[in-house]
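Inspection log for the structure reproduced underneath, given as C-alpha cells.
The values are calculated or read from the model by the stated rules, or taken from the named source; none is laboratory data. This is a predicted model, so every value here is computed, not measured. Don't worry about glycine lacking a Cβ; one is built from the backbone with ideal geometry, like all the others, and counts go over all protein chains shown.
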Amino acid sequence: MKLMRIIAVLAVAAVSLAMLPNVQALPYFGLDWPDAPPVPPTPPAPPAPPAMAIASMDVVAPPAPPTPPTPPEPWDDDRDTYVLSNGDMNVINGDGDTDMSDLRRAYGRHFFWFRHDGRSYVVRDAAALQTLNDLYRPQGELGREQGALGRKQGELGRKQGELGRRQGALGLEQARLGLEEARLAMRFHDEDDPEIQSRRHELQRRQRELSRRQDDLGQQQSELGREQSKLGKEQSRLGERQSELSREIERKLQPMLDELIRQGIAERAH
C-alpha cells in the first residue's frame, strides 16, 4: 500500500515538472505573473546644429605676389672678354685667345679693351681708365696679399720637406741598427762574449738617441703643420673675399661699360 502511494507521488511530480514551462499560460493555477515591461519610446532625434557662419562666407584667395623686375642680362664670361692695361695694373678676363702684346702695340700701355655681343671696343679716356683702375684696385691689393701668403706657405712647405727628409734618413738608420741587433740576437753561442755584449749596448744606445732625434723632428713637424694650417685658413678667407670682390666688380662693370658705349667713350676697335 505504501509502495502505491510513493509511485503516485512520483508520477504527480513528473507531470508537474513537464508542465512547468507552460505554467504561465495556465490561469487556473491562480498565479498572477507580472506583465512584460513596456518597450521604452524611441527618443526624438536631436535637432541639427546650426550651420557655421563661415560656411556662407566666400573664401577669397590671397593676391598673387607681383612679378619681380627682370634683372639686366649679365655679362657672360664665356662671350665677354676684357683687358685692362693701366701702368702697373694688368687685368685679363677672357677665353685665353687675347694677345696682350698685340693690344699694347695697337693701343699703348693705357687702355681698356673689351668684347661684348660680338663687337670689340677700346677705352682710352684718362678719366674712364682711372675709374676702371679704382674699381679693380681692391682686387689687385688682395691678390698681392694672397701672393705674399702663398710665399709663406711655400717656405713652410720647404721646411716641412727638409724635416721629412731628415726623418726618413733617421728611419733608415734605425732600420739598419735594428737588423744588426737582430743578427746579434741570433748568435746564442756567443751570448757571453764581451765584444758581443758591448756591441749590443752600443746599438741600444744609438737606437735611443735616434728615437730622441725622431721625437724632436716630429715635434718641429707638428709645429710647422699647425702654422701651415693657420696660413691655409687665412688663404681660404682671402679666397672668399676675392670671390666677393669679383662678383661686386661684375655687378658694377656691366652698367659702366654700357654707359661708356652709349656715350661713345668706348670706341669701336678693329
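The set of residues in the range 204-241 that are closer than 15 Å to Gln167 by Cα and either in contact with a Ser or Thr (Cβ under 7 Å, 6 or more places away or on another chain) or among the polar types (S, T, N, Q) (or both) comprises Gln207, Ser211, Gln214, Gln219, Gln220, Gln221, Ser222. Just to be sure before I move on: is Gly140 modelled with pLDDT under 95, on the phi > 0 side of the Ramachandran plot and not aliphatic (A, V, I, L, M) in the structure I sent? No; evaluated as a whole, the condition is false for this residue.
Any residue that is among the acidic types (Asp, Glu), over 30 Å from Val83 (Cβ atoms), surrounded by 11 or more Cβ atoms within 10 Å (Cβ to Cβ) and in contact (Cβ under 8 Å) with a residue 60 or more places away in the chain - is there at least one of those in the range 225-246? I'd like the intermediate steps shown before the answer.
Narrowing the range 225-246 to residues among the acidic types (Asp, Glu): 227, 234, 240, 244.
With over 30 Å from Val83 (Cβ atoms) added as a condition, the list becomes 227, 234.
Filter once more, keeping what is surrounded by 11 or more Cβ atoms within 10 Å (Cβ to Cβ): 227, 234.
When the remaining residues are screened for being in contact (Cβ under 8 Å) with a residue 60 or more places away in the chain, the result is 227, 234.
Yes.
Within the range 250-260, being closer than 13 Å to Arg115 by Cα and surrounded by fewer than 18 Cβ atoms within 10 Å (Cβ to Cβ) holds for Gln254, Asp258. Scanning the range 86-114 for residues that are part of a strand (DSSP E or B), touching a Phe, Trp or Tyr at 6+ places or on another chain (Cβ under 8 Å) and at pLDDT 90 or above turns up Phe112, Trp113, Phe114.
Residues checked against (1) within 30 Å of Ser120 (Cα to Cα); (2) at pLDDT 95 or above; (3) not small (Gly, Ala, Ser):
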site	(1), (2), (3)
Glu191	no, no, yes
Arg200	no, no, yes
Asp216	no, yes, yes
Gln254	yes, no, yes
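Which ones in the range 180-200 are surrounded by 10 or more Cβ atoms within 10 Å (Cβ to Cβ) and of a type outside the set (Gly, Ala, Ser)? Passing the criteria: Glu180, Glu181, Leu184, Arg187, Asp190, Glu191, Asp193, Ile196, Gln197, Arg199, Arg200.
Only one entry in Val123, Val91 is crowded, with 16+ Cβ neighbours inside 10 Å, of a type in the set (Val, Ile, Thr), touching a residue at least 60 places away in the same chain (Cβ under 8 Å) and out of contact with any His (no Cβ under 8 Å at 6 or more places or on another chain), namely Val123. Given the structure, is Leu156 under 37 Å from the mean Cα position of the chain (by Cα) and either touching a residue at least 60 places away in the same chain (Cβ under 8 Å) or in a helix (DSSP H, G or I) (or both)? It is true that Leu156 is under 37 Å from the mean Cα position of the chain (by Cα) and either touching a residue at least 60 places away in the same chain (Cβ under 8 Å) or in a helix (DSSP H, G or I) (or both).
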